[in-house]
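Step one of this worksheet: look at the structure below.
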Amino acid sequence: MHLDLSFLKELGINDNNSGVYNGNWLKSQNAPEIEVTTPINGKTIASVYQATLDEYESVITEAQKAFKLWRNIPAPKRGEIVRLIGNELRKYKSLLGKLVTLEMGKILPEGEGEVQEMIDIADFAVGLSRQLYGLTIASEREKHRMYEQWHPLGTVAVITAFNFPVAVWSWNALIAAVCGDVIIWKPSSETPLTAIAVQNIVDKVVKEQGLPGGIFNLIIGPGSTVGQRMLEDRRIPLVSFTGSIPMGKLVAEHVGRRLGKTILELGGNNAIIITGNANLDMALRAVLFSAVGTTGQRCTTTRRLIIHESIYDIFLERLINAYKQVTIGNPLENGTLMGPLVKKSAVEDMMHALEELKKAGGRILYGGELLEGEEYQSGCYVTPCIAEAKIEYDIVRHETFAPILYVMKYTDLDQALAIQNDVPQGLSSSIFSTSMLEVEQFLGPDGSDCGIANVNIGTSGAEIGGAFGGEKDTGGGRESGSDAWKAYMRRQTVTINWGSSLPLAQGIKFGD
Ligand code: NAD
């Protein structure tokens, strides 16, 4: 399958690219290279020189220099820079979306949707830049004023996963930027080109505005060297990490050891409950998008379907029919609904999970095969799978990052909720029901234990206005909307005595 790669030049992507930016692209020719391939046909797109630890130092140095200036620029003026970045992203939406598709394999509408998410968060951050509010607090002492204010934190490391190669950066970086922080981005080594393209877009704005390059930095390099160094580096007060649970635990351990802050956005194991009172047409469409979209590689992908016994057979029959209609192939082509998995090892993980499922007593109802032939030459194309399973199976409690949907039957809602919550992860959850009583039970304190609880919507496709993240092994972090910005700033409680005596709090008398 031939792919036209000429558009890469317009994004500033060459055959060989530097992977380190600190205001300038560093020429790290001695460093090991990453050959970037596309899962669409398995061929090489370009290569990237990875950062050395010396280059890491020069990135940190420039970032710290830039912070001294950036933190003193009024927040609404920082917002203006983010507004210009948002405008630039608008211009590059279709090209950048296409590169997302090329590099990680999600279909083009989803690639472009991801860039739209960056634009949306830029708009949100611009508004936020005038709303970094602190509280005024009633003091118990006469002629005293108490309030809290928020200051920039410093250098924020943003370590991102392959599956949202640009949106997750924007959730963090554009919010952190209006908060007055400087950012060092370490993207996934699976998706370095999208990161370089974004950096080029940002670089243009920063240079045009005469700002130091060290506000937005990029460092592409192995997690085990450069990533690890970031975790241990006391000059980085906050590490925002998006990735798998095992890696997130490592991040928490290393950053925690030096009492640094983390935002952890880790794996999910998301369920939809479909009750006997559900609108089945809506439920069907939602399950299809949430389970098959992005080839099952969203942190919010629906991995478990908990269906009421009264509609179990009829719903599954309709779902299997819908799965049969899913067009699988080149994600750049119109009409394709499911592209490849990101790499061959992801296919192996999927096949391994299905073997484990069968060993445990589960049954494949549809799909789960590797596709072969010229069109699928990369070896990354599979059919999405529906499998009957029980919550007790070990494999069902793990996140397999592939389109496998485990289905289970329930009798009453207490049981459905127990099944839903009985996994280590706690990211996203949904119920399909038209019964107010069922919906309220799902949303109540003994309902869903997840960070996201949706009603008559699938588990994936969150809007940027809400705080995004999950509980338990998902890590507890929150990003994007609502008051998630507070994690990127330091809170300072201020008490001013404008009187001429010195009363102590709690009425303590000391030497009076
Ligand atoms: P991953 O854990 O393999 O990699 C994530 C990042 O960690 C990459 O940038 C990688 O280079 C880096 N890394 C590796 N070793 C490191 C080290 N020693 N120190 C520091 N960084 C290191 O994850 P992935 O396969 O890229 O992404 C898929 C996972 O991410 C899934 O589990 C998915 O659920 C999760 N995810 C979660 C969210 C969320 O918001 N909760 C969003 C997207 C993806």
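The values are calculated or read from the model by the stated rules, or taken from the named source; none is laboratory data. Everything numeric here is computed off the predicted structure, so don't read it as measured data. Quick reminder, even Gly has a Cβ in these numbers, built from the backbone with ideal geometry, and neighbours come from all protein chains shown.
A compact table of results
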read-out: Of all residues in the stretch 472-512 being of a type in the set (S, T, Y) and assigned to a loop (DSSP other than H, G, I, E, B), the one that is nearest to R397 (Cα to Cα); value: T474
read-out: Complete set of residues in the stretch 252-271 that are near the ligand (Cβ under 9 Å from one of its atoms) and among the charged types (D, E, K, R); value: E265
read-out: Meets criteria (within 26 Å of V347 (Cα to Cα), modelled with pLDDT of 95 or more and surrounded by fewer than 21 Cβ atoms within 10 Å (Cβ to Cβ)) for T44; value: yes
read-out: Index of the failed condition, E88 passing every other in (1) out of contact with any helix residue (DSSP H, G or I) (no Cβ under 7 Å at 6 or more places or on another chain); (2) acidic (D, E); (3) closer than 26 Å to M104 by Cα; value: (1)
read-out: Subset of the stretch 135-162 (residues that are over 20 Å from K65 (Cβ atoms), buried (at least 20 other Cβ atoms within 10 Å of the Cβ) and either without any contact (Cβ under 8 Å) to a residue 40 or more places away in the chain or in contact with a strand residue (DSSP E or B) (Cβ under 9 Å, 6 or more places away or on another chain) (or both)); value: I159, T160, A161
read-out: Residue within the stretch 276-292 that is among the hydroxyl-bearing types (S, T, Y), more than 22 Å from E190 (Cα to Cα), crowded, with 24+ Cβ neighbours inside 10 Å and within 24 Å of the chain's Cα centre (by Cα) present; value: yes
read-out: Boolean, F289 is farther than 23 Å from I404 by Cα and either touching a strand residue (DSSP E or B) at 6+ places or on another chain (Cβ under 6 Å) or touching a residue at least 40 places away in the same chain (Cβ under 8 Å) (or both); value: no
read-out: Considering residues of the stretch 429-471 that are within 12 Å of the ligand (Cβ to nearest atom) and not in a loop (DSSP other than H, G, I, E, B) only, the residue farthest from I273 (Cα to Cα); value: A467
read-out: Check on P187, closer than 21 Å to S58 by Cβ, surrounded by 24 or more Cβ atoms within 10 Å (Cβ to Cβ) and either more than 20 Å from the chain's Cα centre (by Cα) or not aliphatic (A, V, I, L, M) (or both); value: yes
read-out: Segments classed as strands (runs of 3 or more DSSP E), wholly inside the stretch 122-217, with at least 2 members that are within 16 Å of the ligand (Cβ to nearest atom); value: 155-159, 182-186
read-out: Residue within the stretch 292-309 that is touching a Cys at 6+ places or on another chain (Cβ under 7 Å) and among the small types (G, A, S) present; value: no
read-out: For Y21: the one exception among (1) of a type in the set (S, T, Y); (2) under 30 Å from G329 (Cβ atoms); (3) in contact with a strand residue (DSSP E or B) (Cβ under 7 Å, 6 or more places away or on another chain); value: (2)
read-out: Residue match in the stretch 104-117 (condition: at pLDDT 95 or above, buried (at least 17 other Cβ atoms within 10 Å of the Cβ), more than 15 Å from the ligand (Cβ to nearest atom) and farther than 30 Å from P331 by Cα); value: no
read-out: Qualifying residue in the stretch 401-417 (condition: out of contact with any strand residue (DSSP E or B) (no Cβ under 9 Å at 6 or more places or on another chain), closer than 25 Å to G469 by Cβ, within 16 Å of the ligand (Cβ to nearest atom) and at pLDDT 95 or above); value: yes
read-out: Extreme residue, nearest to the chain's Cα centre (by Cα), among residues of the stretch 234-251 that are more than 11 Å from the ligand (Cβ to nearest atom) and in contact (Cβ under 8 Å) with a residue 60 or more places away in the chain; value: L238
read-out: Every pair of residues 6+ apart whose Cβ atoms lie under 9 Å, when the first sits in the stretch 203-227 and is over 18 Å from S58 (Cβ atoms) while the second is among the basic types (K, R); value: G223/K186
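A quick yes/no check of all residues on (1) in contact (Cβ under 8 Å) with a residue 60 or more places away in the chain; (2) crowded, with 18+ Cβ neighbours inside 10 Å; (3) among the acidic types (D, E):
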site: C380; (1), (2), (3): yes, yes, no
site: P384; (1), (2), (3): yes, yes, no
site: E388; (1), (2), (3): no, no, yes
site: D394; (1), (2), (3): no, no, yes
site: D414; (1), (2), (3): no, no, yes
site: E438; (1), (2), (3): yes, yes, yes
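Residue-by-condition table, conditions (1) under 16 Å from the mean Cα position of the chain (by Cα); (2) over 24 Å from T300 (Cα atoms); (3) in the same structural domain as A63 (by TED's automatic domain parsing):
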position	(1), (2), (3)
I107	no, no, yes
G111	yes, no, yes
E114	yes, no, yes
D120	yes, no, yes
R130	no, yes, yes
S139	no, yes, yes
G154	no, yes, yes
I159	yes, no, yes
S170	yes, no, yes
